[in-house]
1. Which value, in Å³ per residue, describes the convex hull spanned by the Cα atoms of the stretch 35-115?
2. Output the Cα-based Rg and Dmax of the chain in Å, rounding Rg to one decimal and Dmax to a whole number.
3. Of the DSSP beta bridges with both residues in the chain, give the percent that are antiparallel, rounding to the nearest 5.
4. So with the 1.4 Å probe, I'd like the accessible area per residue for the chain, rounded to whole Å².
5. Given R₀ = 25 Å, FRET efficiency for D73-A43 by Cβ-Cβ distance, to 0.05?
6. Ignoring ligands, DNA and RNA, please state the percent of accessible area on the stretch 9-60 from carbon and sulfur, probe 1.4 Å.
7. Counting only protein heavy atoms and a 1.4 Å probe, tell me what percentage of the stretch 98-146's accessible area is made up of carbon and sulfur.
8. Would you mind computing, in nm to one decimal, how far apart the modelled labels at A163 and Q80 are, each placed 7 Å from Cα along Cα→Cβ?
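The values are calculated or read from the model by the stated rules, or taken from the named source; none is laboratory data. Values in this document were obtained by computation on a predicted structure and should not be read as measured data. We place every Cβ from the backbone using ideal geometry, glycine too, and count neighbours over all the protein chains shown. Each accessible area value is taken on the protein alone, full model and side chains, heavy atoms only, with ligands, DNA and RNA left out. Shrake-Rupley method; radii C 1.70, N 1.55, O 1.52, S 1.80 Å.
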Amino acid sequence: MTTHFQPLIGKVALVTGGTRGIGAAIVRRLSRDGADVVFSYTASADQAAAMVQDIEALGRRALAIRADQAVPDQVTALVQHAHAAFGRLDILINSAGVFVTGRVDDAEADLAAFDRQIAVNVKGVVTAVRAAVPLLSDGGRIVSIGTTGAVHVPFAGAADYIATKAAVAAYSRGWARDLGPRGITVNVVQPGAINTDMNPETGDFAALLSGLAALGRYGQPEDIANAVAFLAGPDASYITGATLNVDGGQLA
């Protein structure tokens, strides 16, 4: 029987938005790699409890915490609770996000949804990092989930969403400078078209997005989790301030 290599034994990871899509795949992969994992959720307590059971079945510790990424006090409490529960914090993965589209010339645009997108995708990440920095172990890891749309705009109406992800990429380059003296690396994984509830491979944009990839297909959440696991592990200790595109060779 082949044993999976576990480079994260002894590490504690916090994953925001860890019960669905990319976040869930990251939680599972980090736990397979040996980390004890705390993850946040907003809606389904049953789904979160099932995830905890799955991780514990692998022999790792797990904790699910309800937290709204748009509420700074809840985000700060999430980070502090994660550290207190397992006694340390080594890895922070900012995966929680919302996806709201709308053209700039749309007079009927949902401004409340726009404000929430900024609150979750930008302010929530900033709050989590600021709360985590004093608690992170030296040599720790911060990885945020962005989008290749921040570089290659795939369709009209995406500006508000991709602007939030571009902001996180810029923040991450700055944080890499701030935290370099402690050996803490800060990186961004930028997915292309990934098969999730937010952007399914059977959705309205599926044919367009699949056609943009050199591989001609959608990626799966596990493809992103694999990249995150690499950046969270010991082999990526000299990579910081970087953005890694995981997009099947997006051409435009």
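1. Given the Cα convex hull of the stretch 35-115, per-residue volume reads 113 Å³.
2. Rg, Dmax (Cα atoms, Å): 17.3, 60.
3. 5 percent
4. 47 Å²
5. My answer for the efficiency is 0.85.
6. On the stretch 9-60, the fraction of accessible area on carbon and sulfur atoms equals 45 percent.
7. 56 percent
8. With each label placed 7 Å out from Cα toward Cβ, I get 3.3 nm.
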